[in-house]
1. List pairs: first in region 156-168 and closer than 7 Å to L77 by Cα, second open to solvent by less than 10 Å² (accessible area, probe 1.4 Å) and not β-branched (V, I, T), Cβ under 6 Å, 6+ apart or cross-chain?
2. Run down R193, R148 and say which single residue is within 20 Å of the chain's Cα centre (by Cα), of a type in the set (D, E, K, R) and over 22 Å from V78 (Cβ atoms).
3. I'd like the full set of residues that are farther than 22 Å from D163 by Cα and part of a loop (DSSP other than H, G, I, E, B), limited to region 1-33.
4. Given the residues L203, L127, which is the only one that is buried (at least 18 other Cβ atoms within 10 Å of the Cβ), over 20 Å from M46 (Cα atoms) and either at pLDDT 85 or above or in contact with a helix residue (DSSP H, G or I) (Cβ under 7 Å, 6 or more places away or on another chain) (or both)?
5. Can you tell me which residue in region 112-124 is most open to solvent (accessible area, probe 1.4 Å), limited to those that are under 13 Å from V142 (Cα atoms) and not polar (S, T, N, Q)?
6. When the residues of region 13-45 are narrowed to those that are of a type in the set (S, T, N, Q) and under 16 Å from M168 (Cβ atoms), which ends up modelled with the highest pLDDT?
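The values are calculated or read from the model by the stated rules, or taken from the named source; none is laboratory data. What you are looking at is a predicted structure, and each value in this text was computed from that prediction instead of being measured. All Cβ positions, even for glycine, are placed from backbone atoms using ideal geometry, and neighbour counts span all protein chains on display. In case anyone asks, the SASA skips ligands and DNA or RNA and just uses the protein heavy atoms, side chains included. Shrake-Rupley method; radii C 1.70, N 1.55, O 1.52, S 1.80 Å.
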Amino acid sequence: MIDFTERQIDIIGILKKHEPITAEQIAEMLGVSKGTLRSDLAVLVMTGQIEAKPKVGYFLSKNKTDRNSQNVWKQTLVKDVQGVAVTIQKTTTVNEAVISLFLDDVGSLIVVDENQYLEGIVSRKDLLKVTLGNPQATTMPVQLVMTRQSKVYTITPDKSVYDAAKMMVYYEVDSLPVVKPSDDSSSKKVIGRITKTNIVKALIEMSSEV
């Protein structure tokens, strides 16, 4: 059984008083951005606590004992919704990394070696920190500012979307590199990534089919 976060409990409380309600309205009431709520809303839908209807909004599930919604997301695998990994190498400069972020419209870049094995991850926040007030930082290699492989949270393609959403909420990250299972736990080959956006798109598509 999943332990809901304080924000997820607040969302349920808002729906009790204001359903149906849009994500924009919920975000305004909580004083956060709509993007911040993406994974929280996805988890609540997956666990059958709330429901979503296109052009209507979110509302409380009428039958909380119905586990169909949760089961669907436990049966939907990461490989079914994952996207292409946007990767760079550790010798890539900070300036080149910033350009990649904007060109690919992503919040983080996965750092890999020449064989696509994971070496780290660098986020928009990492790059912003190092460049503020330091014009020389743009020529630095990203290996000096990235989060090392040993501290990067990953997921395998055979795990469920439900597992991925729980990890993103628990570790407070926006995405997870999808890695090929290996007997050697220290070597992880990157084959994609799953993001809050991937999950929300899948959620919308599934809601549209109902």
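1. V161/W73
2. Result of the check over R193, R148: R148.
3. If the condition is that a residue be farther than 22 Å from D163 by Cα and part of a loop (DSSP other than H, G, I, E, B), then E19, P20, T22, G31, V32, S33 are the ones that fit.
4. Working: L203 fails: over 20 Å from M46 (Cα atoms).
One residue alone meets the criteria, L127.
5. So in region 112-124, the residues under 13 Å from V142 (Cα atoms) come out as 112-113, 119-124.
From the residues that got through so far, the ones that are not polar (S, T, N, Q) too are 112-113, 119-122, 124.
Values: V112: 3, D113: 33, E119: 48, G120: 0, I121: 30, V122: 1, R124: 128 Å².
Step by step, filter region 112-124, then rank; the result is R124.
6. Initially, region 13-45 is screened for residues of a type in the set (S, T, N, Q), giving 22, 25, 33, 36, 39.
Still in the list and also under 16 Å from M168 (Cβ atoms): 33, 36, 39.
On the way: S33: 87, T36: 82, S39: 76.
The extreme case among them is S33.
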